[in-house]
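The values are calculated or read from the model by the stated rules, or taken from the named source; none is laboratory data. These figures come from a predicted structure and were not determined experimentally. Using ideal geometry, Cβ is built from the backbone for each residue, glycine included, and neighbour counts are taken over all protein chains shown. For accessibility, only protein heavy atoms count, side chains too; no ligands or nucleic acids. Shrake-Rupley method; radii C 1.70, N 1.55, O 1.52, S 1.80 Å.
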Amino acid sequence: MQAIWTVLMLVCSNIFMTFAWYGHLKLQEMKISTGWPLILVILFSWGIAFLEYCLTVPANRIGFVGNGGPFNLMQLKVIQEVISLTVFSIIVLLVFKGQAIQWNHIAAFACLVLAVFFVFLK
């Protein structure tokens, strides 16, 4: 059950992370934040990133083998990266129209999936 909670929390945290890092670009594209000074954009993003951290930190604590979870640090990091790329790709396709995913993006993603396979090998 800890593995499921860890992955679910990491997925949710990555949704916040993606919007914290790239959401301001969509707001700018929509002419909402065009006149905002950079410091306001940064503070806006930090506000969203705070929510990300509220999920990422507990997810890593719950999932870490040192706290009774099922994952070691390497496994947690690789899982995080695959989730991050997956969430990012889905959001790009749904929110940022015109950003096509190409064959090399898929190849890079396949390499990350292989990384998950290798990090779990005994």
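Things worth noting here:
- Accessible surface, per residue, of the stretch 1-115 when the full set of protein chains is kept, probe 1.4 Å, Å²: 63 Å²
- Computed from Cα positions, the angle between helix 103-119 and the longest principal axis of the chain comes to roughly 30 degrees.
- Structure-based [θ]222 nm, the chain - -39500 (n - 2.57) summed over DSSP H runs of at least 4, per residue, nearest 500: -27000 deg cm²/dmol
- 0 to 90° range, to nearest 10: angle between helix 38-63 axis and the chain longest Cα axis: 10 degrees
- Take the Cα of Met1, step 7 Å toward its Cβ, do the same at Phe50, and the gap between the two points is 3.1 nm.
- Rounded percent of accessible protein surface that carbon and sulfur make up, the chain, 1.4 Å probe: 76 percent
- Length gained on full extension, Met74 to Gln28: 12.9 nm, using 0.36 nm per residue less the C-alpha separation.
- Rg to Rh, two decimals, where the chain supplies the alpha carbon set and Rh follows Kirkwood: 1.04
- Folded to 0 to 90 degrees: helix 2-29 orientation relative to the chain principal axis, Cα: 20 degrees
- Extension reserve of the Val119-Ala100 stretch, reckoned as 0.36 nm per residue once the Cα distance is removed: 3.9 nm
- Charging the Cβ of each Asp and Glu at -1 and of each Lys and Arg at +1, and nothing else, the dipole of the stretch 1-120 about its Cα centre rounds to 100 debye.
- Taking the chain and dividing mean pair separation by its residue count, relative contact order in percent (alpha carbons under 8 Å, at least six apart): 31 percent
- Surface listing: Glu52, Glu29, Glu81 arranged by accessible area from highest to lowest gives Glu29, Glu81, Glu52, probe 1.4 Å.
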